[in-house]
Amino acid sequence: MQSAISLSLHSPSPVARSAIRYSSDACLPTPRSLRFCGLRREAFDLKASVDASSLRIARLNLHSKRSNLSKVFAALKGNGAPSSGGFDYDLVIIGAGVGGHGAALHAVEKGLKTAIIEGDVVGGTCVNRGCVPSKALLAVSGRMRELQNEHHMKSFGLQVAAAGYDRQGVADHANNLASKIRNNLTNSLKALGVDILTGVGTILGPQKLKYGKGDSGDQVITAKDIIIATGSVPLVPKGIEVDGKSVITSDHALKLEFVPEWIAIVGSGYIGLEFSDITPAKDGKPVQIELIDAKTKEPKDTLEVDAALIATGRAPFTQGLGLENINVQTQRGFVPVDERMRVIDANGKLVPHLYCIGDANGKMMLAHAASAQGISVVEQVSGNDHVLNHLSIPAACFTHPEISMVGLTEPQAREKAEKEGFEVSIAKTSFKANTKALAENEGEGLAKLIYRPDNGEILGVHIFGLHAADLIHEASNAIAMGTSIQDIKFAVHAHPTLSEVLDELFKSAKVKVSTSNTVAKPVPA
């Protein structure tokens, strides 16, 4: 008997939330002594010639600084000052994924009494069932690909016998990495005194919520501000039955319980592309996939494989939050928010003291975007207005070669230019001209810059090649800080490194305005 899949896709639907037992008795990290290495004496305001007297003063100052540092750590350990206004907490975060964790750490730094509610495990999808374990598996598959490429090995003068792998050992590597990162996140929260509340969080009304298993034992707490950070789960289109054996999602695939000979990946987003390098599934019956014409809905072909990975996207994890208690209606499961992540109710009005970050709001479904949104919200509740520039947030797909991007695509930039009346120019460079890439025999790749030639504004950067995911950050930081091309052209890059791909890219751009008047002050040798 075969499993059957008919590919007809529907919009994301909200997913019910349920409590999962959580426990952690991990030890708190101990402070480490720090040593300054390779710093100039000028960095400490010390004169080149130091006599015994000035050295004693320096030691006293250092002792004073250490004493102040101890006070800072003590303050952090206390999890901020007592909450004002009679609330149990200044800030409560529902969800302890990457977004919730980042918000909690920043909140404590700002002196806010903070609690985080988690019904699953700390780290959320990214750490436990997503970004982290998948990168461990991709690291293995990448090495296997290289070792099995005889032509590639010979180009280095290497001879490698038949390469093999231990499935359980690979699975253990991914699981151990996820466990290590999860423990690190948990320990960091505990070390700063953040209260980790176990259970499902439900909003009861303005600045009031409960947590627990959804029974009479639930605890009611109050908070001056609340952040929803519940994330998302795999989206499975209607008509597809996931059995966890031969029809699986990324959650099942990352367990690496079995590696089939022939797998079909349904979906070509980040998850689908990355899993094209990894083909795990549990033993089961053959899967029959019916391909249907998107327009006519007529059957076109039938494909039979050992397993099918459903990678058709993510659905917001927002049901059961109690949004109806504050008159908030989700849109395809997503919580509506404004540019400051403030939640909007059914009447289009802002819900006071309630925010939503990460996958649950659907603005940009990336773990680091959730963290950035959380930090932005904490700035706001601390009295500092802050609006996150989502165009400065990079994205990466860990394929081979890697793909990364930030800002606008060329069509988006040209559409914006037409509306606002400016010109768009394009610059490109190749990895084939990069010494480091050629040394690695990885010269296949390119980088593309989309910019305004009238003022040097960087509109977008796209990279396809070796370590593209690492290289993109120079461009994303430039966009975030408003750095123009005429300024970044003067940045110095170590040679020979892959970073020179970006160096050549920026230098190849033709900006019509003169170079910036900003000149770096010389540093005495």
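Numbers below:
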| item | result |
| --- | --- |
| Total residues in region 315-358, condition at negative phi and either hydrophobic (A, V, I, L, M, F, W, C) or surrounded by 23 or more Cβ atoms within 10 Å (Cβ to Cβ) (or both) | 20 |
| Neighbours by Cβ (under 6 Å, 6+ apart or cross-chain): first from region 400-421, among the hydroxyl-bearing types (Ser, Thr, Tyr); second outside any helix (DSSP H, G or I) | SER404/ALA396; SER404/ILE463 |
| Odd one out for ILE248 among (1) within 30 Å of HIS368 (Cβ to Cβ); (2) more than 22 Å from the chain's Cα centre (by Cα); (3) of a type in the set (A, V, I, L, M, F, W, C); (4) modelled with pLDDT of 90 or more | (4) |
| Any chance ALA281 is surrounded by 19 or more Cβ atoms within 10 Å (Cβ to Cβ) and either at pLDDT 80 or above or under 21 Å from the mean Cα position of the chain (by Cα) (or both) | no |
| Number of positions in region 289-331 that are among the hydrophobic types (A, V, I, L, M, F, W, C), touching a residue at least 60 places away in the same chain (Cβ under 8 Å) and closer than 28 Å to ASP218 by Cβ | 5 |
| Failed condition for ASP503, given (1) charged (D, E, K, R); (2) open to solvent by 30 Å² or more (accessible area, probe 1.4 Å); (3) at pLDDT 95 or above | (2) |
| First in region 249-278 and without any contact (Cβ under 8 Å) to a residue 24 or more places away in the chain, second anywhere and not in a loop (DSSP other than H, G, I, E, B), Cβ under 9 Å, 6 or more apart | none |
| Matching option when the condition is within 24 Å of the chain's Cα centre (by Cα), aromatic (Phe, Trp, Tyr) and at pLDDT below 95, among PHE398, PHE464 | PHE398 |
| Hey, ILE240 touching a Cys at 6+ places or on another chain (Cβ under 7 Å) and in contact (Cβ under 8 Å) with a residue 40 or more places away in the chain or not | no |
| Hits in region 359-376 (condition: in contact with an Asp or Glu (Cβ under 8 Å, 6 or more places away or on another chain) and open to solvent by 20 Å² or more (accessible area, probe 1.4 Å)) | MET365 |
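The values are calculated or read from the model by the stated rules, or taken from the named source; none is laboratory data. For clarity, every value in this text was computed on a predicted model and none was experimentally measured. A quick note on method: Cβ atoms are made from the backbone with ideal geometry, for glycine too, and the neighbour counts reach across all protein chains shown. Quick note on the areas: whole protein, heavy atoms, side chains included, nothing else; ligands and nucleic acids left out. Shrake-Rupley method; radii C 1.70, N 1.55, O 1.52, S 1.80 Å.
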